[in-house]
1. When you check A131 against the structure, is it modelled with pLDDT of 85 or more and either assigned to a loop (DSSP other than H, G, I, E, B) or more than 20 Å from S169 (Cβ to Cβ) (or both), yes or no?
2. Select, from A76, A102, A71, the only residue that is surrounded by fewer than 16 Cβ atoms within 10 Å (Cβ to Cβ) and out of contact with any Phe, Trp or Tyr (no Cβ under 6 Å at 6 or more places or on another chain).
3. What number of residues within segment 1-41 are assigned to a loop (DSSP other than H, G, I, E, B), charged (D, E, K, R) and surrounded by 12 or more Cβ atoms within 10 Å (Cβ to Cβ)?
4. Can you tell me which residue is farthest from E377 (Cα to Cα) among those in segment 256-306 that are of a type in the set (D, E) and more than 32 Å from the chain's Cα centre (by Cα)?
5. Looking at segment 300-325, which of its residues are among the hydrophobic types (A, V, I, L, M, F, W, C), at pLDDT 90 or above and either touching a Phe, Trp or Tyr at 6+ places or on another chain (Cβ under 6 Å) or loosely packed, with under 14 Cβ neighbours inside 10 Å (or both)?
6. If only one of A189, A206, A215, A184 is assigned to a helix (DSSP H, G or I), touching a Phe, Trp or Tyr at 6+ places or on another chain (Cβ under 8 Å) and hydrophobic (A, V, I, L, M, F, W, C), which one is it?
7. Is there a residue in segment 70-91 that is under 28 Å from R14 (Cα atoms) and not acidic (D, E)?
Amino acid sequence: MRLSALAIRNAKPRETPYKLGDGGGLYLLIKPNSTRLWRLNYAYMGRQKTLSFGEWPLISLAEAREKREEAKRYLAAGLDPSEERKLEQMRAELAASNTFRAIAEEWYLKNEREGLSSLTLAKIRWLLDKAYATLANRPITEIGAQEVLMVLRRIEAAKHYESAKRMRSVISRVFRYAIATARADRDVAVDLRGALVTPKVKHHAAITDPAEAGALLRAIAGYNGHTITKIALEMSAHVFVRPGELRQAEWSEFDFDRALWVLPSEKMKMRRPHRVPLSRQVLSLLDQLKPLTGHGRYVFPSFHSPRRPMSENTVNTALRRLGYAHDEMTAHGFRAMAATLLNEMSIWNADAIERQLAHMENNGVRRAYTRGEYWEERVRMMQHWSDYLDQLRDGAKVIRAKFGAA
């Protein structure tokens with residue numbers, strides 16, 4: 001006898017569970033607590049088995065009958081409906097783990113464990129979050145080049161051409177990770193090479209003329225803003241590390257007995273530790289800072305929270321207050337200033353200068369022959385550089401900032 005929706009609604013619970021059959025092994029199990037559960041009894045390979053379809057009314061009578069017919073089709077094909085259901089669930093779980101977001105997060109964690117710098121990880125996170133807006137829940141095998149291009153075009157529309165270029169690179173690396181972990185067959189982002197606007201290369205503005213460098217140093221000497229900011233400007237000139245490396249400097253990284261600053265690999269762009277010899281002038285600047293920030297973690301802490309490093313805009317903002325426009329001098333420009341003037345001295349090995357700039361030698365054979373890293377020469381060079389900066393600074397009377405500094 002076939003069931004009806006009315007019969008199901010009118011069925012009353014009893015002291016013990018009982019069944020209402022619908023034919024073909026399908027029945028509704030009614031429990032004493034009024035729960036109504038769909039079941040299917042069937043035989044497979046000579047064994048009696050039971051398959052659960054869910055609870056009424058979440059699963060309607062019509063849906064339960066469709067599931068019964070599906071089970072019959074499996075049996076006709078010599079398959080066990082219970083095992084097929086397990087396989088379907090496994091496929092669904094696998095599909096859920098194969099979304100762009102799931103794979104991208106795995107890849108991000110891999111980079112984190114491999115010691116990628118915090119600055120690089122932050123940039124990757126920003127780009128991934130932008131991509132997630134469109135691609136997050138899409139199975140990676142279903143994402144096509146056109147879909148990725150739409151994501152990149154939105155970034156280009158805001159004229160962020162360099163960001164779009166980096167986004168394509170990050171998405172490509174996620175696809176390559178998916179291929180390496182057997183969850184994708186190809187990298188569709190490769191098809192988009194040449195499709196994006198190629199941004200003009202922008203070099204960081206820098207002062208490389210000795211006379212102009214002297215004027216800059218005199219302007220810094222006359223800076224009447226915060227002492228910590230002034231010392232950050234002076235240190236930028238003397239140690240010429242990358243701006244992010246300077247502002248994230250920690251007191252624990254400095255060995256004052258050996259006059260040495262050791263930057264750990266996770267803070268470096270090239271992911272290898274870097275050593276900076278400390279000149280007498282730099283040691284003096286650090287001595288001035290100790291009473292101000294020596295009780296905390298960061299040499300240059302944020303003005304809002306000592307638990308965070310100085311803002312990435314602080315040094316550039318100070319340069320603007322000194323009257324230097326963004327196309328005249330930048331925080332990063334101190335590196336170009338040092339590289340240019342040190343090379344023009346013609347007394348230092350070019351490789352020693354490159355090592356002090358923490359540049360990586362691209363030629364593997366050449367890199368193997370320069371493992372000594374010219375340390376003794378770099379120690380002499382850094383003291384000579386600080387002395388030279390003092391000479392440039394003292395070439396004329398100290399001037400005040402062009403604009404009032406806060």
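The values are calculated or read from the model by the stated rules, or taken from the named source; none is laboratory data. In this text, all values refer to a predicted model and were calculated from it rather than measured experimentally. Positions of Cβ are generated from backbone atoms using ideal geometry, with glycine treated the same way; all protein chains shown enter the neighbour counts.
1. Criteria not met by A131.
2. Working: A102 fails: surrounded by fewer than 16 Cβ atoms within 10 Å (Cβ to Cβ); A71 fails: surrounded by fewer than 16 Cβ atoms within 10 Å (Cβ to Cβ).
One residue alone meets the criteria, A76.
3. 1
4. D287
5. M310
6. Answer to the check: A189.
7. no
Residue by residue, here is whether (1) in contact with a strand residue (DSSP E or B) (Cβ under 6 Å, 6 or more places away or on another chain); (2) of a type outside the set (D, E, K, R); (3) outside any loop (DSSP other than H, G, I, E, B) holds:
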position	(1), (2), (3)
K269	no, no, no
L285	no, yes, yes
Q288	no, yes, yes
P291	no, yes, yes
H295	no, yes, no
V315	no, yes, yes
A318	no, yes, yes
G323	no, yes, no
E328	no, no, no
